[in-house]
Amino acid sequence: MKPWRKGDAMYSGWIYKFKVNRPVTDDELQEALPREPQRNVEATDRGSLTRFNSTYVEFIDRCFSLRGSMGMLIVLAGFCFLFGASIFLFVNAFTDFAQGHWLLIISTAFFVFLLSLIPVLLALRKEFFTYTHYPIRYNRKTRKVYVFRHNGPGGVLVVPWEEGYFHRGHGMSDKSLLDVRCHVMEGNTVKDTFATGHSYGIEAPVNELWEFIRRYMDEGPKNVKPPFVSMTASPTWRNCWRMSFIRVGAASTLAQIILLPIEGPLVVLRWLVFKTCKKPVWPPEVEAECQIAENDPYRLSEPVNIGEGYETNKQALDAQVRKGQRERRMK
């Protein structure tokens, strides 16, 4: 068993980039998501939808829920420990502590200092000073999928809807984490890869999210319109709190109080991460292709807080709770 294999699976496509410029595998061919209607599958957005209207739907990226996670907290704690150790060695290099081996102590301190930079550089590159999220937009009118990468030139991957190879993606090491994944193909070669929405521990949510996307693109918004949009990337304290507890399954107030000593620092870390990040901005040519009619009857308002629609829709909340209980028993 490889070390950190669970982490490999969670951070696939983010910390660990998807492998490209390679042949598509037999497993990926067997996991193809169907293009024909699946009437026995409920079409739901599974908490990944951020925008809904007649022109396009937009989803959160796979790594959004992982921002400010325990893994990054451990990385930063490791940096603080190593940096502190290097300062201690530097300060004491010429005292009795060094016992005359000042050159060895300074060399060791310098090595420890360099070692401490590795985790902080990783954090800066992947977490801080990046983007709050990396949205994926499906435009049913232009028949295109837009994948945000960065705000600069060439920062958006555009894939014709019919040409994307959609399949159930697995974690790189631990295959138990699944997502809706798409390969951009050139013959039998994978040239690029992206994932839409959250990752899940069982197959059913992936199938439901895919059927939601497929019906919207092929049948129109009237066949999949949800009662409300439940996800937002707005980096507020409340949203950082909610997402931190959602990812550990702590929905009740009592559970959140019990887990507060563990999750509290992660809420703060997540908030700090997002406060350093920029909001993604689609280029003008993409926005021009994604114009929304002023009187669009299918346009849903974007929430201020994650899950706020459930606060006023008890029926939807009860259904979500029951579904979650069923799926936990399936694991």
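The values are calculated or read from the model by the stated rules, or taken from the named source; none is laboratory data. Please read these numbers as outputs of a predicted model, since none were measured by experiment. Heads up, the Cβs are rebuilt from the backbone with ideal geometry, glycines too, and the neighbour counts pull from every protein chain shown. Note: areas computed on protein heavy atoms with side chains; ligands, DNA, RNA excluded. Shrake-Rupley method; radii C 1.70, N 1.55, O 1.52, S 1.80 Å.
Is it true that Leu317 is open to solvent by 60 Å² or more (accessible area, probe 1.4 Å) and of a type in the set (A, V, I, L, M)?
Working: open to solvent by 60 Å² or more (accessible area, probe 1.4 Å): yes; of a type in the set (A, V, I, L, M): yes.
Yes; evaluated as a whole, the condition is true for this residue.
Only a single criterion out of (1) modelled with pLDDT of 90 or more; (2) under 18 Å from the mean Cα position of the chain (by Cα); (3) farther than 27 Å from Arg215 by Cβ; (4) of a type in the set (A, V, I, L, M) is not satisfied by Ile258, namely (2).
Against the conditions (1) at pLDDT below 90; (2) surrounded by 20 or more Cβ atoms within 10 Å (Cβ to Cβ); (3) aliphatic (A, V, I, L, M), Ala43 satisfies every one except (1). Against the test of being more than 30 Å from Ser234 (Cβ to Cβ) and open to solvent by less than 30 Å² (accessible area, probe 1.4 Å), the options Ser48, Ser107, Ser86 yield a single qualifying residue, Ser86. Of the numbered criteria (1) open to solvent by 80 Å² or more (accessible area, probe 1.4 Å); (2) in contact (Cβ under 8 Å) with a residue 24 or more places away in the chain, the one Ile257 fails is (2).
Within region 120-151, being open to solvent by less than 20 Å² (accessible area, probe 1.4 Å) and either free of Cβ contacts under 8 Å to residues at least 60 places away in the same chain or among the hydroxyl-bearing types (Ser, Thr, Tyr) (or both) holds for Ala123, Thr130, Thr132, Tyr138, Val145, Tyr146, Val147. Looking only at residues in region 297-314 that are under 28 Å from Arg238 (Cβ atoms), more than 25 Å from the chain's Cα centre (by Cα) and touching a residue at least 24 places away in the same chain (Cβ under 8 Å), the one that is most open to solvent (accessible area, probe 1.4 Å) is Tyr298.
Among the residues making up region 209-254, those that are under 19 Å from the mean Cα position of the chain (by Cα) and open to solvent by 20 Å² or more (accessible area, probe 1.4 Å) are Ser234, Pro235, Thr236, Trp237, Arg238, Trp241, Arg242, Ile246, Arg247, Val248, Gly249.
The condition of being open to solvent by 90 Å² or more (accessible area, probe 1.4 Å) and among the acidic types (Asp, Glu) holds for only one of Glu58, Glu36, that being Glu36.
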